[in-house]
Amino acid sequence: MKLKSVQVKNFKCVEDSTQFDVCPITCLVGKNEAGKTSLLEALHKLNPDVAELGEFDVLLEYPRRRRKEYQRRARTEPDDALITRWELEDKDVRAIEENLGPDAIHSRIVEVRKGYYHGRRWTFEDGKSPHETVPAPLQTMLERLLPKFLYFSKCNIMNGRISIDDIIRNQERGKVSGPE
């Protein structure tokens, strides 16, 4: 599956990023506090490496100025926080059709939504009709194809000079966290 576009809504400082395309090289540029990190954090929640990190939290992440109004309607009208569009690649289509038959896929474009509700919502997007919900057996297969996302925001400063010999010695001693 290839990520084609992302839209973040109702998440931290981002009320609506509007849909933006993701290309082989995508650069997020903006002033401090403009929401670049929030976009990445929201995307991480789609399918994080640690499942417990994948839930959107109304209290901590919903835009504060609208949170009370949202909490009144959250049970009946839960909001999306992330809308992604994916393109199924040839190998994905072959794998699905081998398992579920040639009529399993109605479109190569799949929309995956996640928000302030349980789980993900999967729909086919064909451009002709309203979005069609992905059937459960196919959704199970697509869940396996969805890439895991890793997110980290802190990194250690590396030394300007690094000795390869020291790295090898440290690795042999089981210590790969840096020089002594």
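Please report how many Lys pairs in segment 56-170 have alpha carbons closer than 28 angstrom, counting only residues at least 8 apart along the chain or sitting on separate chains. Could you put the intermediate results ahead of the total?
Details: 68/114; 91/114; 91/128; 91/148; 114/128; 114/148; 114/154.
For segment 56-170, the number of qualifying lysine pairs is 7.
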**OP:** Run the accessible area of segment 5-141 with a 1.4 Å probe and give the carbon-and-sulfur part as a rounded percent.
**Re:** 50 percent
Original post:
Going toward the positive end of the dipole of segment 39-128, with +1 on Lys and Arg Cβ and -1 on Asp and Glu Cβ, which of 116, 48, 76 do you reach last?
Top reply: 76
Original post:
Considering only protein heavy atoms, what per residue accessible area in square angstrom results for the chain with a 1.4 angstrom probe?
Top reply: 69 Å²
Subject >> For segment 55-68, 3J(HN,Hα) per residue [Karplus equation, 6.51 cos²θ - 1.76 cosθ + 1.60, θ = phi - 60°, Hz, x = Gly/Pro] >> reply: 8, 7, 10, 4, 5, 8, 10, 6, x, 4, 5, 10, 5, 4
**OP:** Using a Gaussian network model of the chain whose springs link C-alpha atoms within less than 10 Å, name the residue from 103, 80, 16 with the highest mean-square fluctuation.
**Re:** 103
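Translational D (Stokes-Einstein, µm²/s) of segment 1-46 at 25 °C and 0.890 mPa s when Rh comes from the Kirkwood sum over C-alpha pairs?
In µm²/s, the coefficient rounds to 219.
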Original post:
Which label belongs to the value computed from this structure, given these candidates for Rg and Dmax of the Cα atoms in Å: [x] 26.2, 95; [y] 16.9, 55; [z] 20.4, 63?
Top reply: [z]
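The values are calculated or read from the model by the stated rules, or taken from the named source; none is laboratory data. None of these values were measured; they are calculated from a predicted model. Cβ: placed from backbone, ideal geometry, glycine included. Neighbour counts: every protein chain shown. Only protein heavy atoms, including side chains, enter the accessible area calculation; ligands, DNA and RNA are left aside. Shrake-Rupley method; radii C 1.70, N 1.55, O 1.52, S 1.80 Å.
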